[in-house]
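Enquirer: I'd like to ask some things about the structure below.
The values are calculated or read from the model by the stated rules, or taken from the named source; none is laboratory data. Just so you know, these numbers come straight off a predicted model, no measurement behind them. Here the Cβ is made from the backbone with ideal geometry for all residues, glycine too, and neighbour counts use every protein chain on show.
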């Protein structure tokens, strides 16, 4: 399959959020990426359920929520009711990860697990076949606009091999420092979903930036 592009609304203009949502609706983007931060698991607070509800009312593409929060299991039903399709939790925040994955699936959502830059791919060996998505954090989570950590390319390759060895269909998502300059390399390493915030919303023509991200490595 061709890779997907999921613009991160964390980088959108919240004073004109409806306009940015419509831009994504009318672009070649595939998903809306929602960064949910609690100021505890990561050193920043973003937005919560009320704003996700408002986004869901306008979005015409799947909602992909990344929970950068402590005790994420407490909120699974909330996000399911809001219409989230992909729900990603952090390996580092889930002491009973297998149970968390099962609960997400039981609620009818697709389950993802995010790995911080220091977390080893091998930690997912026993659950990879149950995962719909693995999110490789290519920056330290908490803030947009950070520079890509080069070592992440090796991690993407290792993850791709782990998925193949287990005959899994897990998608590899990459978030952090994704640009038009490194997108081709990420896809070549095995990335299936590119999350882009600053690259899209700081572009002079955001829809054109999305088109270029979609075209990379496929021309």
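Enquirer: So which residues in segment 36-49 are without any contact (Cβ under 8 Å) to a residue 60 or more places away in the chain and in a strand (DSSP E or B)?
Expert: Once the filter is applied, which keeps residues that are without any contact (Cβ under 8 Å) to a residue 60 or more places away in the chain and in a strand (DSSP E or B), segment 36-49 yields 36, 38, 45.
Enquirer: Filter segment 130-140 for residues that are within 15 Å of residue 104 (Cβ to Cβ) and in contact with a helix residue (DSSP H, G or I) (Cβ under 9 Å, 6 or more places away or on another chain) and give the result.
Expert: 130, 131, 132, 134
Enquirer: Before we move on, is residue 108 exposed (fewer than 14 other Cβ atoms within 10 Å of the Cβ) and farther than 21 Å from residue 75 by Cα? Outline the logic, then answer.
Expert: Values: exposed (fewer than 14 other Cβ atoms within 10 Å of the Cβ): yes; farther than 21 Å from residue 75 by Cα: no.
No; evaluated as a whole, the condition is false for this residue.
Enquirer: Tell me yes or no: at least one residue of segment 107-114 is closer than 22 Å to residue 47 by Cα and out of contact with any strand residue (DSSP E or B) (no Cβ under 9 Å at 6 or more places or on another chain).
Expert: No - not one qualifying residue is present in segment 107-114.
Enquirer: From the list 87, 10, which one is more than 21 Å from residue 130 (Cα to Cα), in contact with a strand residue (DSSP E or B) (Cβ under 7 Å, 6 or more places away or on another chain) and surrounded by 20 or more Cβ atoms within 10 Å (Cβ to Cβ)?
Expert: One residue alone meets the criteria, 10.
Enquirer: For segment 138-174, which positions are modelled with pLDDT of 95 or more and within 15 Å of the chain's Cα centre (by Cα)?
Expert: 156, 170, 171, 172, 173, 174
Enquirer: In this structure, is residue 128 under 30 Å from residue 23 (Cβ atoms) and within 17 Å of the chain's Cα centre (by Cα)? Outline the logic, then answer.
Expert: Working: under 30 Å from residue 23 (Cβ atoms): no; within 17 Å of the chain's Cα centre (by Cα): yes.
When the stated conditions are applied, residue 128 does not pass them.
Enquirer: Which one of these does residue 54 not meet: (1) touching a strand residue (DSSP E or B) at 6+ places or on another chain (Cβ under 9 Å); (2) part of a helix (DSSP H, G or I); (3) under 23 Å from residue 196 (Cα atoms)?
Expert: (1)
Enquirer: Among the strands (runs of 3 or more DSSP E) confined wholly to segment 120-219, which include 2 or more residues that are touching a strand residue (DSSP E or B) at 6+ places or on another chain (Cβ under 7 Å), free of Cβ contacts under 8 Å to residues at least 60 places away in the same chain and buried (at least 21 other Cβ atoms within 10 Å of the Cβ)?
Expert: 133-137, 171-175
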